Amino acid sequence: MKKAIFLDRDGVINVDSGYVYKIDDFEFFPDVFSTLKYFQKQNFLIFIATNQSGIARGYFTHEDFDKLNRYILEEFRKEGIVISKIYFCPHSPDENCECRKPKPKMLLDAMSEFDINMKKSCMIGDKESDMEAGHNAGIKNLILINKKSPKSVAKYNVNSLSDTIKIIF
Ligand SMILES: [Mg+2]
Ligand SMILES: [Zn+2]
C-alpha cells in the first residue's frame, strides 16, 4: 500500500482569489514546488481534491477547468513533480451530491483507485471542510493552513504549505 498527500487547491497550491479558472489569474504560492518535491522524495503520492462549485454556478465550464488543470499539471511536470490525479466536485452545495467536501468521497475514490493507506496519509487544506473530509476518510494527519481556526478537527495548524515539512516525514 502507498501513502498519499491530499491537497486542497485554492488557498493551498494557489492564492484563493475566488472561483479562479483563468491561467492568467492562477498564482502558485512560491513554496509549493519545493514542498511537493520534498513529499515526492518521501515516497508520497500527491493528489488534489477540490470543490469547484463555480461549474454548477455557471461561472466557468468544465472545459475551462480542464484547461487550467493541464496548465497546472504541466507547471508541476516541469519541476519534476507528478500529481497522480486531480479529483474535483463540480456541484453546488444545494445539490447535496456525494462528492463535495466535507464528504470524503474524492479521498476514498483515490484510496481504492491507488491502493492508499489512509493512516499513513495526510490531508492539507485551508478550510474546516477540508479537515472534515480528511477526518471522514479516516485520515489522522489533518493539517490546516490557517492559524485563525482554533477549534478545528485539524491535528496541526500552520502558516504555509512549507511549514508542513516539519510535520510530515
Ligand atoms: Mg481552499
Ligand atoms: Zn459533487
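Here, each number is a calculation from the coordinates, and none is a lab measurement. No experiment lies behind these values; they were computed from the predicted model shown. So basically every Cβ, Gly included, is an ideal-geometry build from the backbone, and we count neighbours across all protein chains shown.
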Residues (under 23 Å from residue 56 (Cβ atoms), out of contact with any strand residue (DSSP E or B) (no Cβ under 7 Å at 6 or more places or on another chain) and assigned to a helix (DSSP H, G or I)) located in region 90-132: 93, 94, 95, 105, 108, 128, 129, 132
Search result, residues across region 119-136 that are in contact (Cβ under 8 Å) with a residue 40 or more places away in the chain and either within 16 Å of ligand 2 (Cβ to nearest atom) or of a type outside the set (Gly, Ala, Ser) (or both): 120, 122, 123, 124, 126, 127, 129, 130, 133
Residue within region 21-44 that is within 16 Å of ligand 2 (Cβ to nearest atom) and under 16 Å from the mean Cα position of the chain (by Cα) present: no
Filtered residues of region 15-34 (kept if touching a residue at least 40 places away in the same chain (Cβ under 8 Å) and within 24 Å of residue 57 (Cβ to Cβ)): 16, 19, 20, 21, 22, 23, 26
Residues within region 11-38 that are out of contact with any Leu (no Cβ under 9 Å at 6 or more places or on another chain) and closer than 25 Å to residue 118 by Cβ, tallied: 3
